[in-house]
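In what follows, a single structure is set out as structure tokens and then discussed.
Nothing in this text is a laboratory measurement; each read-out follows from the coordinates by a stated rule. Just so we're clear, the structure is a prediction, and the values are computed from it rather than from any experiment. Because the Cβ atoms are built from the backbone with ideal geometry, glycine has one as well, and the counts that use them run over all protein chains shown.
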Amino acid sequence: MKLTITVFTAIFGLSLSAQVVKPIYKVPKKSNTNVAQTISASKQEKINLEDINEWLCPKTLLRGDREFDGHGPRVKCEVKIRLSENGKEIWADISLWAQETVQDWSTTEGSWSKKVYDVPYGKTINKILSETASRTQFVSQPAGFQFIIPGADVQAGLNNFLDGQTIARNVLNAHGVPKEFTDVVGAPLHLSQDIIKNLVGSYVDGNTVYTVPALEGTLVNFFHIVGDTGGNDISDDDNCNDDTRIEKIEFFPVLVEFK
């Protein structure tokens, strides 16, 4: 009897010892995803490019003579920006093309590169995140032309001025035009006079200067361009007085990523 109790006690004691085991808890590893996203977001910043205020006029005569003579011209302008190899500067490549709308189709074009941003000391841009190009197109109108006149179909006037082109939805959004004014592909349905006045205009600076939005691309806010002038339109000298020209280019803020 004594032997039995001893064996039972030993076995029971062994069983108790086997059960006294502290559980091991694994601490979950922290994900680096949120940290990486936070760091990435902190490197992103909106910057303001320098507007181009220098007059730019093409001198190359591709066809015809140097006079548009009130026939347009049809104008196309495009701006693209690029980052310098060392990430310290942003440059704009600009092109302007203009052509008379009737015989003899006088035509000119020009291209330029201008620095529009210097990166602050101690910083380097890794890449440009927002759109890097904008283009526009329009037909220069006779002196005194106005979109906003009583009884006029301002939408038809805008369509004629933009040479049948439409303004992309993202460009309209950038200018604050509500989405209900565009269809599913972004084509304007019927813009009000107030909206058109905010998108297209003109002023006189020696010649009539048109302010035109981009048709595509949210890089450029407004193009300021002179089409027809009072004399020879295509420049043949080293100044742009009384010539077809780019008067000014205004940019939207640009989103970049710093290293």
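The separation of the stretch 186-259 from the stretch 89-127, counted between C-alpha centres, amounts to 13 Å. Distance between the modelled labels on D163 and E257, one decimal in nanometres: 3.6 nm (7 Å Cα→Cβ projection). In this rough spin-label picture, where each label sits 7 Å from Cα along the Cβ direction, the K127-L62 distance is 3.3 nm. Going 7 Å from the Cα of E50 in the Cα-to-Cβ direction, what parts of the stretch 103-117 have a backbone nitrogen less than 19 Å from that spot? Of the residues in the stretch 103-117, 112-117 have backbone N under 19 Å from the label point off E50.
At an R0 of 41 angstrom, the distance between the Cβ atoms of D104 and D205 translates into a FRET efficiency of 0.90. Using the Cβ-Cβ distance between D237 and E85 with R0 set to 51 Å, the FRET efficiency works out to roughly 0.90.
Computed from the Cβ-Cβ distance with R0 of 22 Å, the FRET efficiency linking D194 to N173 stands at 0.85. Charge tally for D163 (other residues, Cβ to Cβ under 11 Å; Lys, Arg +1; Asp, Glu -1): +2.
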